[in-house]
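Some notes on the structure that comes next.
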Amino acid sequence: MGAQKNMTQTISQVDLDKYLSGATYPADKQKIIQFAKSKGAPSETVSALNGLPNKEYMDSADVSKEVTA
């Protein structure tokens, strides 16, 4: 297993699916974080999403590549 290029925390795919289900894409980092918070995401999940690179994400799989364990 190689070292990650950034300091992004990881979350499980199950948690990501739970808190991003129904999100509209494309979406930038801030929209993703706001949506997860609106779905009741815990601080650990929000913290992991805060570590996302600032870019536009085309779907949840795009987000998943950055934050899932």
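State all residues of region 36-60 that are among the hydrophobic types (A, V, I, L, M, F, W, C) and loosely packed, with under 12 Cβ neighbours inside 10 Å; if no residue qualifies, say none.
Of everything in region 36-60, just one residue is among the hydrophobic types (A, V, I, L, M, F, W, C) and loosely packed, with under 12 Cβ neighbours inside 10 Å, namely Met58.
Just to be sure I understand the filter: pairs with C-beta atoms under 6 Å, separated by 6 or more residues or on different chains, first member in region 45-64 and assigned to a loop (DSSP other than H, G, I, E, B), second member open to solvent by less than 70 Å² (accessible area, probe 1.4 Å). Which pairs pass?
Once the first residue is assigned to a loop (DSSP other than H, G, I, E, B) and sits in region 45-64, its partners that are open to solvent by less than 70 Å² (accessible area, probe 1.4 Å) give Gly51/Thr8; Leu52/Lys29; Leu52/Glu66; Asn54/Lys29; Met58/Tyr25; Met58/Pro26; Asp59/Tyr25.
The values are calculated or read from the model by the stated rules, or taken from the named source; none is laboratory data. Because the structure is predicted, anything quoted here is derived from the model rather than measured. For neighbour counting, all protein chains shown are included, and Cβ atoms are generated from backbone atoms with ideal geometry for every residue, glycine included. Please note that ligands, DNA and RNA were not included when accessible areas were found on the heavy atoms of the full protein model with its side chains. Shrake-Rupley method; radii C 1.70, N 1.55, O 1.52, S 1.80 Å.
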